[in-house]
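Asker: Can you keep this structure in mind? I'll have questions shortly.
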Amino acid sequence: MADVYGYVRVSTRDQNEERQLIALQKLSVAEKNIFMDKQSGKDFDRPAYKRMVRRMKKDDLLYIKSIDRLGRNYGEILEQWQILTKEKEIDIVVLDMPLLDTRRGKDLMGMFLSDIVLQVLSFVAENERSNIRQRQAEGIAAAKARGVRFGRPAIPYPDNFYQIHRDWRNKKITLRQAADACEMPVGTFYGKARKFENIS
């Protein structure tokens with residue numbers, strides 16, 4: 001007898017598993033057959049996904065919310081689709097794209113149309129991710145041009161820094177002693193000293 005599965009993937013930055021889980025629960029997918037990975041889709045080193053694929057058998061059914069849950073790039077999505085549908089011989093339903101339902105059109109024309117839709121959507125998903133990365137890079141560049149600073153604010157120079165720096169450069173004290181006197185890690189003191197010397 002065929003089993004019904006659901007796969008959910010969220011990255012650590014995009015915690016929206018609730019939306020995917022609700023969609024699967026509405027389809028009455030048994031909780032024990034819902035597999036979830038909380039990590040980036042950059043590769044397929046996903047424990048839950050691997051366990052699910054090992055468990056699946058011919059004619060089982062897999063629901064996923066959107067095609068990009070299978071991977072982050074065109075090649076990976078197509079590869080996984082081939083493994084699942086051709087090697088494992090299971091059916092897949094992509095909830096956000098009703099055309100991607102391998103239960104429909106088992107004839108040659110149905111498979112052909114499904115393959116075309118899959119390739120187009122995979123390309124669109126990868127292209128959108130590239131656009132997002134480009135927009136992020138452009139946004140960061142524009143913010144930097146406006147003077148916005150990223151990262152932690154710089155630790156200010158302590159009041160005694162200039163005297164300690166002079167003593168260190170004159171070899172009156174060691175680097176460790178200078179850093180301790182300024183209550184800084186050695187690396188921080190050295191970095192600030194180099195920056196101060198370049199400015200001076």
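A short reminder: the numbers here are calculations on the coordinates, not readings from a lab. None of these values were measured; they are calculated from a predicted model. FYI the Cβ positions are ideal-geometry reconstructions off the backbone, even for glycines, and counts take in every protein chain you see.
Asker: How would 63, 74 line up from fewest to most surrounding beta-carbon atoms within 10 angstrom? Don't skip to the end; give the middle numbers.
Answerer: Values: 63 22, 74 16.
By the 10 Å Cβ count, ascending, the order reads 74, 63.
Asker: Identify the GluC sites (Glu not before Pro) of segment 58-92 meeting these criteria: DSSP loop state and at most 16 other C-beta atoms within 10 Å of the C-beta.
Answerer: Sparse-neighbourhood loop GluC sites (Glu not before Pro): 89.
Asker: Okay, moving on. Mind checking which lysines have their C-alpha under 19 Å from residue 38, skipping anything on the same chain fewer than 8 residues away?
Answerer: Within reach: 50, 65.
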